[in-house]
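Everything on this sheet refers to the single structure shown next.
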Amino acid sequence: MRRKLVAGNWKMNGNTEFAAEFAQDLKAKLDAAEVTCDVMIAPSAPYLALLANAFSESNIQVAAQNVAQFDKGAYTGEVSASMLSDLSCQASLIGHSERRTLFGETDEVVAAQVSQLVEQGITPVLCVGETLEEREAGNAEQIVENQLKAVLERFSVDQLKNLVVAYEPVWAIGTGLTATPDQAQEMHAHLRSVARELDEQWADSLTILYGGSVNSKTAKELFAQPDIDGGLVGGASLKVDEFFEICQSA
Ligand code: PEP
């Protein structure tokens, strides 16, 4: 039985005051309620240590939004997987569509990032998703399959035991357009069937999140789909009440 996971991606938002208040509020709300899902927050890098410290006595996980593809050296501006481990980060997003489109991160870069994370025992949260043009051209399944296979083909099941996949259709990110539960379920089932080619048992235990304008109104029906194991939430993760309601839906 897979546990549901709700992960918040703050993107490039927030400051020290916001992060400290959010952490305190979320912890209090989760402590007072019966929330059965796992919860993760991915702040901007400067606030990782603050959140790791604030959540140290709780089960809330802290994730980076990105990680270097190299282990150390002359890579100005980059943050390595060992630095994330040093900050007690349990996970890192990789391959987010904003990284792929705005910063040119390719499947090869993403695979190198997985390698760095695996080496440090940090959970890779691999984001995959098609653009609207790709969906309208009937290529959505092939595009996300290729993005997933670019990782699956390079690693063993043992190396990928902690992998989390997030299906995020690019046309649904930050647009207010959510995939319908049927559209999302169809793609999640496809991703799981691709994962089965590597290992059946592993594929059955693989956590596959849906992301793309998830909010407290849409979360419940999305998370009720058999292959949707929770959500990666962007905009709605910046409001603690809204994010908490989404956690309660899981
Ligand atoms: C995201 O950034 O991963 C995301 C899903 O954003 P939003 O929920 O705002 O669409």
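The values are calculated or read from the model by the stated rules, or taken from the named source; none is laboratory data. All values derive from a computational prediction rather than experimental measurement. Neighbour counts are summed over all protein chains in view; Cβ atoms, including those assigned to glycine, are modelled from backbone coordinates with ideal geometry. Side chains are part of the model used for accessible areas, which takes the heavy atoms of the whole protein and leaves out ligands, DNA and RNA. Shrake-Rupley method; radii C 1.70, N 1.55, O 1.52, S 1.80 Å.
What separates the Cα centres of the stretch 26-47 and the stretch 150-170 is a distance of 24 Å. Which helices of the chain meet both criteria: a Cα extent of 15 Å or more along the helical axis and a mean Kyte-Doolittle score no lower than -0.5, with helices taken as whole DSSP H segments? Those that clear 15 Å and a mean of -0.5 are 16-32, 107-120, 140-152.
For residue 161, the solvent-accessible surface computed with a 1.4 Å probe is close to 130 Å², ligands and nucleic acids excluded. Here the gap between residue 196 and residue 85, fully extended at 0.36 nm per residue and compared with their Cα-Cα distance, gives a gain of 37.0 nm. Rolling a 1.4 angstrom probe over the chain with all protein chains present gives an accessible area of which 46% lies on carbon and sulfur atoms. Comparing 167, 75, 47 in a Gaussian network model of the chain where C-alpha atoms under 10 Å apart are linked, the largest mean-square fluctuation is found at 75. A simple count of charges around residue 247, restricted to other residues whose Cβ falls under 14 Å of its Cβ and scoring Lys, Arg +1 and Asp, Glu -1, yields -2. Accessible surface for the stretch 5-249, divided over its residues, is 45 Å² per residue with a 1.4 Å probe. Per q in 0.17, 0.24, 0.25 Å⁻¹, report the Debye log10 I(q)/I(0) for the stretch 156-216, using one uniform scatterer on each alpha carbon and no solvent. Here log10 of I(q) over I(0) equals -0.60, -0.94, -0.98. Modelled label positions at residue 3 and residue 72, each set 7 Å beyond Cα in the direction of Cβ, lie 3.3 nm from each other.
To one decimal place, what orientation-averaged projected area in nm² is obtained for the convex hull of the Cα set of the chain?
12.4 nm²
For the cross-link pairs 4/239; 72/149; 27/161; 29/220; 11/217, the ones whose C-alpha atoms lie over 23 Å apart are 72/149; 27/161.
For the modelled label position 7 Å from the Cα of residue 154 along Cα-to-Cβ, which residues of the stretch 46-90 have backbone nitrogen atoms closer than 20 Å? Under 20 Å, as judged by backbone N against the label point of residue 154, lie 64-76, 78-85 of the stretch 46-90. For the stretch 167-250, averaging the sequence separation of C-alpha pairs within contact (under 8 Å, six or more residues apart) and dividing by the residue count gives a relative contact order of 32 percent.
Please find the FRET efficiency linking residue 186 to residue 33, where r is the Cβ-Cβ separation and R0 is fixed at 25 Å, and quote it to the nearest 0.05. After rounding to 0.05, the efficiency reads 0.20. For the stretch 140-209, the list of GluC sites (Glu not before Pro) that fall in a loop by DSSP and count at most 14 other C-beta atoms within 10 angstrom reads 153, 197. Based on DSSP H segments of at least four residues, each scored -39500 (n - 2.57), the chain has a per-residue ellipticity at 222 nm of -12000 deg cm²/dmol.
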